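The values are calculated or read from the model by the stated rules, or taken from the named source; none is laboratory data. Please read all numbers here as calculations on a predicted model, not as lab measurements. Cβ: placed from backbone, ideal geometry, glycine included. Neighbour counts: every protein chain shown.
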Amino acid sequence: MPITLFFALLAVAVLRAPSLMSASGIGAAIIVVTPLILATYTLMASTISGRGTVDLSVGPLIGFINVTLIQLHGAGLLENPIAVFLYCMAVGALYQLIFSLIVIYVRVQPIIVSLSGYLALSGINLVILPRPGGMAPAFMAEWGYGTSIFSPILIILLLATAAWLLFTATAFYTHLRLMGSDERAAYTSGVPITIVRIGAHMISGCFAGLAAICFTALISSGDPSQGTTYTLIAVTALVLGGASLGGGRGGVFGSALGAINLYLITYVLSTFNFGTVQSFVTNLAYGAILVISLLLTLLIPVIQRRIRNFSPLLYFVALSVVVLGIILHAIFDYGALGAAGAIVPGPLDMQAALTGPLEIATVSPETEALRIAAAPLVLSVLLLIVIAVFVRLAVGQSNRRTLAPAVAVVVAALVLAGAYVMAEGVRGPETEAVE
């Protein structure tokens, strides 16, 4: 479902606004969607731990780290990038540590603790910074421009995703999933559930700190109320990505796709003019797509019974090829390739009629520039298909658990290569041909 929704929304977004596939369009999308993706990662670790632990305070927590960072920077205490990163991640981990201790030892339901934290942090943020203002650290000044694809925000997102993938290869993650699926069975199996739960919450706190850093770079100031909006959309993205709110299930790719889908929903709706009800239409779309997706997930067991060897990776590749064709059609202006010369009636030259179609005509500079720009894209698509088929065969013959990190690395490398080639391809037709 996240894959299907992603490509459907991406196709509509590109047709409605082709500028999305430019370097500045992709860069702006990265800077906007990264805080939401990291907020979804924040929820994922604690949600997998079970007991219905959906941290509703994730939005105000991001806002709290943001306003305290701005105030401390204004006081001249946080200037070094390393100090900023350590402070944000430490504050997030400390809050989640207190959260987990209350749940474990005071035995209060996690939903009550998270709701209390939401209300408390919302009020504390307004006390610390009554109105939006302040300045972000100087080294963040260029992070929020979003004029290029490769930026420090993208590096933070990739490192956070890689850290989560490495985390999934540890025994701690196995214990976490077992505890989330059946806490009693995990306890009887010797899993230290107290340590595992505390560790899961502290990991969530570290991701919350990274989300706050990216959020601060996005707005370049402090805002005590804007961060609260991430609570609803992060929970929606988590569910849309296939995670179970009951615990035991959740993945980094599904969560990231869920967050990107919500961004694309907002982007597509922004291309329409709904007037004063624009925000209400956006919330309606969030709710409707979430409900429809949850209903369609009921068909997954039926599909798995009908199609036993269904590969999500090959499904992703197939849809990516189709959408890539739509992107090429929307980006390049095929009408400007040069009109064919007019046909002047005259005597029929049989020799020219037979040999003409077999000869190579001289192409225009615009057509040659388009061929040069499209060649890397075609090669990338062919390479993507070959590697996907190879990985599918390898996974079918080997242990999926041991090959999962390799598959993740290959897919990430291909995505980065595709983004780079896309950016170069967009700039290619703009260069002037030398006569």
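Just need a number here: residues in the range 16-30 that are among the aliphatic types (A, V, I, L, M) and touching a helix residue (DSSP H, G or I) at 6+ places or on another chain (Cβ under 6 Å).
4
Among the candidates Ile112, Ile82, Ile62, which residue alone is assigned to a helix (DSSP H, G or I) and touching a helix residue (DSSP H, G or I) at 6+ places or on another chain (Cβ under 8 Å)? Walk me through it before giving the result.
Working: Ile112 fails: touching a helix residue (DSSP H, G or I) at 6+ places or on another chain (Cβ under 8 Å); Ile82 fails: touching a helix residue (DSSP H, G or I) at 6+ places or on another chain (Cβ under 8 Å).
Ile62 is the lone residue from the list that is assigned to a helix (DSSP H, G or I) and touching a helix residue (DSSP H, G or I) at 6+ places or on another chain (Cβ under 8 Å).
The one condition from (1) part of a helix (DSSP H, G or I); (2) buried (at least 24 other Cβ atoms within 10 Å of the Cβ) that Ile104 does not meet is (2).
Which residue, of Leu101, Leu115, Leu129, is assigned by TED's automatic domain parsing to the domain that holds Ser24 and under 27 Å from the mean Cα position of the chain (by Cα)? Walk me through it before giving the result.
Details: Leu101 fails: under 27 Å from the mean Cα position of the chain (by Cα); Leu129 fails: under 27 Å from the mean Cα position of the chain (by Cα).
Of the residues listed, the single one that is assigned by TED's automatic domain parsing to the domain that holds Ser24 and under 27 Å from the mean Cα position of the chain (by Cα) is Leu115.
Scoring Phe215 on the criteria (1) modelled with pLDDT under 85; (2) of a type in the set (Phe, Trp, Tyr); (3) closer than 30 Å to Val127 by Cα leaves a single failure, condition (1). From the list Ala208, Ala186, the one residue that fits, being more than 25 Å from Val67 (Cβ to Cβ) and crowded, with 20+ Cβ neighbours inside 10 Å, is Ala186.
Just one of Thr40, Thr68, Thr53, Thr4 is at pLDDT 85 or above and within 23 Å of Leu290 (Cβ to Cβ); which is it?
On the way: Thr68 fails: within 23 Å of Leu290 (Cβ to Cβ); Thr53 fails: at pLDDT 85 or above; Thr4 fails: at pLDDT 85 or above.
Testing whether each residue is at pLDDT 85 or above and within 23 Å of Leu290 (Cβ to Cβ) leaves just Thr40.
Filtering the range 107-138 to residues that are surrounded by fewer than 16 Cβ atoms within 10 Å (Cβ to Cβ) and more than 18 Å from Gly222 (Cβ to Cβ) leaves Arg107, Val108, Gln109, Ile111, Ile112, Leu115, Ser116, Leu119, Ala120. In this structure, Ala163 does not qualify as under 26 Å from Ala28 (Cα atoms) and either exposed (fewer than 15 other Cβ atoms within 10 Å of the Cβ) or in contact with a Lys or Arg (Cβ under 9 Å, 6 or more places away or on another chain) (or both). Which of the residues belonging to the range 25-70 are more than 14 Å from Tyr95 (Cα to Cα) and small (Gly, Ala, Ser)? Residues satisfying the conditions are Gly25, Gly27, Ala28, Ala29, Ala39, Ala45, Ser49, Gly50, Gly52.
Can you name every residue in the range 6-29 that is closer than 24 Å to Pro312 by Cα and either acidic (Asp, Glu) or buried (at least 17 other Cβ atoms within 10 Å of the Cβ) (or both)? Step through it out loud before you land on a result.
Residues of the range 6-29 that are closer than 24 Å to Pro312 by Cα, as a first pass: 6-14.
Of everything in the range 6-29, those that are closer than 24 Å to Pro312 by Cα and either acidic (Asp, Glu) or buried (at least 17 other Cβ atoms within 10 Å of the Cβ) (or both) turn out to be Phe6, Phe7, Leu9, Leu10, Ala11, Ala13, Val14.
Scanning the range 139-160 for residues that are under 12 Å from Ala217 (Cα atoms), surrounded by 15 or more Cβ atoms within 10 Å (Cβ to Cβ) and of a type in the set (Gly, Ala, Ser) gives Gly144, Gly146, Ser151.
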